[in-house]
Amino acid sequence: MKKLIFLLVITAALTSFSLSGICPFPGDITLKSSGGIAEFRGGTLVDLAPKSGFDILRNLEIVVNRKKFVPSEWRLSGSSMRVTGAAGRFQVEVLYKWDGKRLDVSVASKDHMSDVRFLVALCDFEPLIVRGMNYHFVQGRHTAYGFELKRSRSFFMGGRFIIMYRNAGKSLTLKIYVDRDLESVKKDMGLSSEEKEFSVIDQYGKPLPGVVVVESSNGKVVSAAQADENGKLEISYKGGASFSLLWGEDYEIEKVSGSKIVVKVPKSGWRWDPYLSGADYNGVWVAFRTWRPTKGMVVYKGRKFSDSVIDTFHNIEVTGMKPGELGKALVKAGNLERYVYLKTLKRKDIKFLVYGDTRTNEDWHEMVCKSMEKENADFIIHTGDLVESGDLKRDWDKFFEAGKYVYFNTPIFPTLGNHERNSPLYYQAFTLRRGGGDFDKRWYSYTVGDIYFIVLDSNVSEGSSVYKSETEWLERELKKAQSYKFIVVYFHHPFFTNSPNREPTLKEEWKKLFEKYRVSVVFNGHIHHYERFLINGVMYVTTGGGGAPLGFGLLSSRRTHIKGTKAGVAGYLHYVVAQVEKGGVKFTVKAVAKYNWGKLDTSVKGKVIDEFFIPFRK
């Protein structure tokens, strides 16, 4: 069956707030259309963002009797859509209906359905799940969901809320209510009881907007409500209940006094200085984190861009730019201001940098970033292990503190290392193209000029269903890339090293695909030195000198010498410069410092430790 894509315009009444931008995917269909747009791709409802302002779903997939529902025909009528198709041998009809606050998804078949599953990818990274007998609730950072269901089981995994019905019969309907917080959702569902108003303030008595307060009773979550711009919230308070914060950002509730909820905020100012992410030819995303929840804005050439949320984290898209455009923009967050230099991707004369393994020594990482900033590159590739522990915000604080010296004017395109631990913080921090795996970002691809970039997660275990999905996706991407002059693949764990006592990391299936589809170069990290191999026509480069403790296995008497070895040095902080030239791409590996007997020698800064050229594919 051919790939099925269509656009659906869903109309609904406007509410008093806008939440567009919670699920950003550059290059995909906009979520900010005045009509509200959803895309239906290959049997999956994608990017449902009705006119109400909610980015409701990243996608919704339906599985009947263990087979994915694939549509063949559809009919539109006002705010509803009727789709017919098949799930394996079963003929199935699905009706989607949106009324402004509730999405009904009805599934029907002439045959008995023993198993129906809804795979609902929500627009939130770290939601709170509340399960009841007939209702399940999900509270995210800025959007809440109520699922009206019976006789079902549910669980949350990899950014998806999965609802399973056993012995479903010939028809069933999943009702999804959407609003700003659980208290509002419960009102919409007719489940809310009498409310009490509270003021959320900091320890100095100032209103604290945007925080989500969670109410618990006898150890169970009762409800949740979000403070408005004035720090006010209403919640169905019951005597003896306790309060906590959904996303504390290292906050804690100091006390509840009468109708005041006092929150201790550690400090003010920037937590992550503004940085560029997710660049494209006609725009770029600016992200930043503050210590206090604020509104965020980017002002560029007299135009104002905002993500319309009150939060400590903001990710704002600046659009309407030209390829290769560079311009100064003002970033505002409450009373804070900081300038960045916006940079879009170029179609020719492309220059990019590659480095990795920046965990642990943030002062070393800072030195590398300051050197890279002077290169005036178009973008930077990071080969993984950005931080020591991806689950800890304080480790990301260190990464962005060091990175602020280059990422304020150079976009980053990273991949997952083992130290990121597949954390939601990674997915929140970076605007990446839609690909596959968790949050649709675990692996992804993008193009710049004549170069096709494919980004993989090498942490996935061979033989697993996730590995199979990733490998199938990889081959599809390599087929798409065949019309391009140059193919770059990067992931964290290298296939080859001459350093002794390293664990085997070779994924034979991937290696065969790289050779079959004539990949130009593969970049890796993980081992904290520099190595290069040319094996069966594919160049493999390991660059792990971004700031992590340096390795010296190449200096060992037990080192090996793999056939195809072209270069290898140990002890250097370094990065790789890639410059597109006539006929191919020139790569220059530059030192930042050398570690000698417990000290860093910076006199080698700028030293070329390797240089090579890879011609365009023919």
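Of note:
- Residues of region 383-441 satisfying the condition of being among the charged types (D, E, K, R), part of a helix (DSSP H, G or I), modelled with pLDDT under 95 and under 16 Å from N459 (Cβ atoms): D438
- Residue count for region 353-365 under the criterion of being assigned to a helix (DSSP H, G or I) and within 24 Å of the chain's Cα centre (by Cα): the result is 2.
- Region 563-608: number of residues that are among the small types (G, A, S), touching a helix residue (DSSP H, G or I) at 6+ places or on another chain (Cβ under 9 Å) and either assigned to a loop (DSSP other than H, G, I, E, B) or surrounded by fewer than 16 Cβ atoms within 10 Å (Cβ to Cβ) (or both): 3
- Whenever a residue of region 411-428 is closer than 24 Å to L345 by Cβ, its partners that are basic (K, R) and part of a strand (DSSP E or B), lying with C-beta atoms within less than 9 angstrom and at least six residues away or across chains, give the pairs P411/K343.
- Residue match in region 489-511 (condition: of a type outside the set (F, W, Y), assigned to a loop (DSSP other than H, G, I, E, B), touching a helix residue (DSSP H, G or I) at 6+ places or on another chain (Cβ under 7 Å) and over 27 Å from L573 (Cβ atoms)): no
- Number of positions in region 186-216 that are of a type in the set (S, T, Y) and assigned to a helix (DSSP H, G or I): 0
- When residues of region 217-229 are limited to those that are loosely packed, with under 13 Cβ neighbours inside 10 Å and in a loop (DSSP other than H, G, I, E, B), the one nearest to the chain's Cα centre (by Cα): E229
- A279 vs. criteria buried (at least 17 other Cβ atoms within 10 Å of the Cβ), out of contact with any Lys or Arg (no Cβ under 8 Å at 6 or more places or on another chain) and not polar (S, T, N, Q): no
Conditions (1) within 23 Å of G283 (Cα to Cα); (2) under 19 Å from the mean Cα position of the chain (by Cα); (3) of a type in the set (K, R), marked per residue:
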{"residue": "L432", "(1), (2), (3)": "yes, yes, no"}
{"residue": "F439", "(1), (2), (3)": "yes, yes, no"}
{"residue": "S461", "(1), (2), (3)": "no, no, no"}
{"residue": "Y484", "(1), (2), (3)": "yes, no, no"}
{"residue": "H493", "(1), (2), (3)": "no, no, no"}
{"residue": "T505", "(1), (2), (3)": "no, no, no"}
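- Region 137-160, residues that are crowded, with 22+ Cβ neighbours inside 10 Å and assigned to a strand (DSSP E or B): F137, V138, Q139, A144, Y145, G146, F147
- Among the candidates D395, D357, D349, residue that is crowded, with 19+ Cβ neighbours inside 10 Å, of a type outside the set (S, T, N, Q) and at positive phi: D357
- Note on region 325-345: among residues that are surrounded by fewer than 18 Cβ atoms within 10 Å (Cβ to Cβ) and touching a Pro at 6+ places or on another chain (Cβ under 9 Å), the one that is farthest from R303 (Cα to Cα) is G334.
- Out of T505, T497, sole residue that is closer than 24 Å to H529 by Cα and out of contact with any Gly (no Cβ under 9 Å at 6 or more places or on another chain): T505
- Note on region 243-339: enclosed strands (runs of 3 or more DSSP E) holding 2 or more residues that are without any contact (Cβ under 8 Å) to a residue 40 or more places away in the chain, out of contact with any Cys (no Cβ under 8 Å at 6 or more places or on another chain) and over 22 Å from D395 (Cα atoms) are 252-257, 284-300, 303-305, 326-333.
- Only one entry in I535, I487, I527 is of a type in the set (V, I, T), surrounded by 14 or more Cβ atoms within 10 Å (Cβ to Cβ), modelled with pLDDT of 95 or more and more than 26 Å from A591 (Cβ to Cβ), namely I487.
- Contact map, region 356-374: residues that are under 20 Å from S389 (Cβ atoms) paired with residues that are modelled with pLDDT of 95 or more and of a type in the set (S, T, N, Q), Cβ distance under 6 Å, separation 6+ or inter-chain. Pairs shown: G356/T383; G356/T543; H365/T358.
- Residues that are outside any strand (DSSP E or B), among the hydrophobic types (A, V, I, L, M, F, W, C) and closer than 30 Å to D395 by Cα within region 512-562 comprise I527, A548, L550, F552, L554, listed in sequence order.
Let's see how each residue does on (1) in contact with a Lys or Arg (Cβ under 7 Å, 6 or more places away or on another chain); (2) touching a residue at least 24 places away in the same chain (Cβ under 8 Å); (3) surrounded by fewer than 16 Cβ atoms within 10 Å (Cβ to Cβ); (4) within 18 Å of D311 (Cβ to Cβ):
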{"position": "S184", "(1), (2), (3), (4)": "no, yes, no, yes"}
{"position": "E197", "(1), (2), (3), (4)": "yes, yes, yes, no"}
{"position": "E215", "(1), (2), (3), (4)": "no, yes, no, no"}
{"position": "G231", "(1), (2), (3), (4)": "no, yes, no, yes"}
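- Failed criterion for Y204 (all others in (1) surrounded by fewer than 21 Cβ atoms within 10 Å (Cβ to Cβ); (2) over 14 Å from K264 (Cα atoms) hold): (2)
- Hits in region 403-437 (condition: buried (at least 23 other Cβ atoms within 10 Å of the Cβ) and over 21 Å from I454 (Cα atoms)): G403, V406, Y407
- Yes/no for E337 being acidic (D, E), at pLDDT 95 or above and more than 20 Å from I454 (Cα to Cα): yes
The values are calculated or read from the model by the stated rules, or taken from the named source; none is laboratory data. Since the structure is predicted, the reported quantities are computational estimates derived from the model, not experimental observations. Using ideal geometry, Cβ is built from the backbone for each residue, glycine included, and neighbour counts are taken over all protein chains shown.
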